[in-house]
Amino acid sequence: SRRSVVSTLATFAVSPLLIHANPANARLEGVNKPELLPSEPGLNVIQVEKFLTKGQEKRLNDLLTKLEHDTGYRVRVLCQAYPRTPGLAIRDYWDLGKEGQKDDKYVVLVVDQFGGKGNVLNFNVGEGVKFALPNVFWTRLTSKYGTTFFVKENGIDIAITNAIEAIVACLRSEDQYCVNVPEEGLSLRSLGM
C-alpha cells in the first residue's frame with residue numbers, strides 16, 4: 001500500500017540520523033614516546049622510520065645546520081610511521097613550539113606515509129616563518145612533492161630532499177620570501193631529471 005511505502009521511505013531517511021559516528025576513527029591519538037628519540041643531542045634529522053640513506057641524512061643535517069647558523073631559521077625533519085613516533089617528546093628534544101617561547105623561526109617536517117593514504121609531507125611552521133613562507137607556499141610544496149603519485153614515481157627520499165631544498169632555497173633567497181615552490185632541487189637535477 002501507499003502508506004507502507006511512505007513509512008518505509010521515512011524510516012530509511014531518518015535512520016542515518018540515528019547512527020552515531022565514532023569520533024575515535026576520525027582523529028589520531030596523541031603520542032609521547034621519548035624513548036624513540038636518539039641519545040645524541042642536536043640532530044636536525046631524526047629517522048624513527050628509515051626513509052633516507054645515511055648519506056642523505058648526513059647531507060640534510062649539514063645543510064640545515066648551516067642554514068640555522070647563517071639565517072637563524074631552524075628546520076627539522078622527523079621521519080616516522082604512526083603510531084611509532086616520539087610524538088610530543090620531539091618538542092623538548094628540539095626545544096620548539098613551547099608557549100611563551102620567543103624563538104618562533106622554525107619549521108618541522110613530519111614525514112609519515114600513513115599506509116600509503118594521503119600526503120606524506122606535513123609541516124609545523126612557527127609564526128616567525130609565516131611571513132617568509134606563507135600558507136600558500138606550504139600548500140604548493142605538499143602538492144608538488146608530498147603526493148602519493150610523486151612518491152611512487154620518485155621515492156620518498158627524493159620527496160623529502162626536494163622539499164627541504166626548496167625551503168632552504170627560499171629562506172636563503174635575496175628576498176627571503178617565497179609563494180611559489182622553486183624548481184626541482186639539486187637531488188633530481190643530479191640524477192639528470
Task: Criterion (in contact with a strand residue (DSSP E or B) (Cβ under 7 Å, 6 or more places away or on another chain) and more than 24 Å from GLY155 (Cβ to Cβ)) met by exactly one of LEU88, LEU109, LEU78, LEU67 - done: LEU88
- [ ] With respect to THR65, determine if the residue is open to solvent by 20 Å² or more (accessible area, probe 1.4 Å), under 24 Å from PRO134 (Cα atoms) and modelled with pLDDT of 95 or more.
- [x] yes
Task: Odd one out for VAL110, checked against (1) over 16 Å from ASN32 (Cβ atoms); (2) buried (at least 17 other Cβ atoms within 10 Å of the Cβ) - done: (1)
TODO: For the range 26-49, indicate whether the set of residues that are within 28 Å of VAL151 (Cβ to Cβ) and at pLDDT below 50 is non-empty.
DONE: yes
Open item on the list: Can you report the number of residues in the range 37-59 which are within 22 Å of GLY87 (Cβ to Cβ) and surrounded by 11 or more Cβ atoms within 10 Å (Cβ to Cβ)?
Closed with: 13
- [ ] State all residues of the range 91-106 that are open to solvent by less than 70 Å² (accessible area, probe 1.4 Å) and either at pLDDT 90 or above or out of contact with any strand residue (DSSP E or B) (no Cβ under 6 Å at 6 or more places or on another chain) (or both); if no residue qualifies, say none.
- [x] TYR93, TRP94, GLY97, GLN101, ASP103, ASP104, LYS105, TYR106
Open item on the list: Filter the range 41-54 down to the residues that are under 19 Å from the mean Cα position of the chain (by Cα) and either assigned to a loop (DSSP other than H, G, I, E, B) or touching a residue at least 40 places away in the same chain (Cβ under 8 Å) (or both) and list them by number.
Closed with: LEU43, ASN44, ILE46, VAL48, GLU49, LYS50, PHE51, LEU52, THR53
Task: In the range 160-193, the residues that are small (Gly, Ala, Ser), at pLDDT 90 or above and loosely packed, with under 13 Cβ neighbours inside 10 Å - done: SER173
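The values are calculated or read from the model by the stated rules, or taken from the named source; none is laboratory data. Note that the structure is a prediction, hence the values are computed from the model and not measured. Glycine gets a Cβ as well: all are built from the backbone with ideal geometry, and neighbour counts include every protein chain shown. The accessibility values were calculated without ligands, DNA or RNA, using every heavy atom of the protein model including side chains. Shrake-Rupley method; radii C 1.70, N 1.55, O 1.52, S 1.80 Å.
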